[in-house]
Amino acid sequence: DTEVTQTPKHLVMGMTNKKSLKCEQHMGHRAMYWYKQKAKKPPELMFVYSYEKLSINESVPSRFSPECPNSSLLNLHLHALQPEDSALYLCASSHLQGSNQPQHFGDGTRLSIL
Amino acid sequence: AQKVTQAQTEISVVEKEDVTLDCVYETRDTTYYLFWYKQPPSGELVFLIRRNSFDEQNEISGRYSWNFQKSTSSFNFTITASQVVDSAVYFCALSAYSKAAGNKLTFGGGTRVLVKP
């Protein structure tokens, strides 16, 4: 079992739907991350939160909207997604930015856009 | 700009053989960290090992060992006596911190390891 929990594990949605991905960790980490991973590719960083504030947005389209309600939770709100957004979405957390601590990843949410 | 290259896209071995995964990196930072992650079919990335740029001592941890050579910018990883459960995609990653970009991981393209019984 991973220490970073992501829900749901699978999600199928239409292009007009609104859905949210959730991520939770209880390791006391103050940095949390969203990655997108296409098949046979490495993860690509989307967003970084540090102390519940957005510190990095890798020019992600506005149809992806992150939210960090508290130090343990990270959400990714989805709206009007495109078929090319189908991918594995990974959440990760780590101790403070700038440290050498490894990022701990969840199992991911496999997202399919119809 | 940082870059991580894993030249091997796929390696197939028979159980109990050793497997060495190559990783070459590029960075202008003087302080950085290198990681190896394993991604089994379930999807989760599992942290395996970490090495900082100031420590070139090579180590062994169980069946895992690594060879860090700063002179050639390489951070190779070896699985000794491979097992079927080692079948996964392995990613080498470079981490560097900057005030502007924060703490970012740059991943290599990954090497798929298939261990046959």
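Taking the DSSP beta bridges with both ends in chain B, the antiparallel portion is around 90 percent.
For segment A:10-27, backbone phi angles converted through the Karplus equation (6.51, -1.76, 1.60; θ = phi - 60°) give residue-by-residue couplings of 9, 8, 10, 9, x, 5, 9, 6, 10, 9, 9, 9, 10, 9, 9, 9, 10, 9 Hz, Gly and Pro being listed as x.
Taking each of A:Lys9/B:Lys70; A:Lys22/B:Lys16; A:Lys38/B:Lys116; A:Lys18/A:Lys40 in turn, the alpha-carbon distance tops 31 angstrom for A:Lys9/B:Lys70; A:Lys22/B:Lys16. Determine the sum of side-chain charges near A:Pro8: Lys and Arg each +1, Asp and Glu each -1, restricted to other residues whose C-beta is under 11 angstrom from that of A:Pro8. Here the charged neighbours net out to +3. Taking label points 7 Å from Cα along the Cα-to-Cβ direction, A:Lys19 and B:Tyr64 give a separation of 3.2 nm. Per residue, the solvent-accessible area of chain A (1.4 Å probe, heavy atoms of protein chains only, all protein chains present) comes to 48 Å². For segment B:1-50, the dipole from Cβ point charges (+1 on Lys and Arg, -1 on Asp and Glu) about the Cα centre works out to 240 debye, to the nearest 20.
Computed over chain A with a Gaussian network model linking Cα atoms closer than 10 Å, the most mobile of A:Ser71, A:Ser20, A:Ser59 is A:Ser59. Highest GNM mean-square fluctuation among B:Asn67, B:Asn76, B:Asn58, for chain B modelled with Cα contacts below 10 Å: B:Asn58. Largest mean-square fluctuation among A:Asn100, A:Asn57, A:Asn17, in a Gaussian network model of chain A whose springs join Cα atoms under 10 Å apart, belongs to A:Asn100.
When Rg and the Kirkwood radius Rh are both evaluated on Cα atoms of chain A, their ratio Rg/Rh stands at 0.94.
A Stokes-Einstein calculation at 25 °C with viscosity 0.890 mPa s, built on the Kirkwood radius of segment A:1-68 over Cα pairs, returns a diffusion coefficient of 180 µm²/s. Provide, for q = 0.12, 0.20, 0.21, 0.22 Å⁻¹, the log10 of I(q)/I(0) from a solvent-free Debye sum over equal Cα point scatterers in chain B. Per q value, in the given order, log10 I(q)/I(0) is -0.41, -1.08, -1.17, -1.26.
DSSP beta bridges fully contained in chain A are about 90 percent antiparallel. The share of accessible area on segment B:7-117 that comes from carbon and sulfur is 49 percent, using a 1.4 angstrom probe.
For a straight C-alpha distance cut-off of 14 angstrom, the aspartates and glutamates reachable from A:Lys19 (same-chain residues fewer than eight places away being disregarded) are A:Glu67, A:Asp85. The charge dipole of chain B, taken about its Cα centre with unit charges on the Cβ atoms of Lys, Arg (+1), Asp and Glu (-1) only, comes to about 340 debye. Using a 1.4 Å probe over protein heavy atoms, the accessible area lost on pairing A with B, summed over both chains, comes to approximately 1900 Å². Every Cα-Cα pair in segment B:18-83 was counted, and those over 15 Å apart are 54% of them. Here the protein assembly as shown carries DSSP beta bridges of which approximately 90% are antiparallel, counting only pairs with both residues inside. With the convex hull drawn over the C-alpha atoms of the protein assembly as shown, the volume per residue is 125 Å³.
Amide hydrogen proximity for A:Ser20: with H placed 1.01 Å from N in the peptide plane, the residues at 5 or more positions away or on another chain lying under 5 Å are A:Leu78.
The values are calculated or read from the model by the stated rules, or taken from the named source; none is laboratory data. Since the structure is predicted, the reported quantities are computational estimates derived from the model, not experimental observations. Cβ sites come from the backbone with ideal geometry, for glycine too, and all protein chains shown count toward neighbours. These area figures cover heavy atoms from the full protein model, side chains too; ligands, DNA and RNA do not enter into them. Shrake-Rupley method; radii C 1.70, N 1.55, O 1.52, S 1.80 Å.
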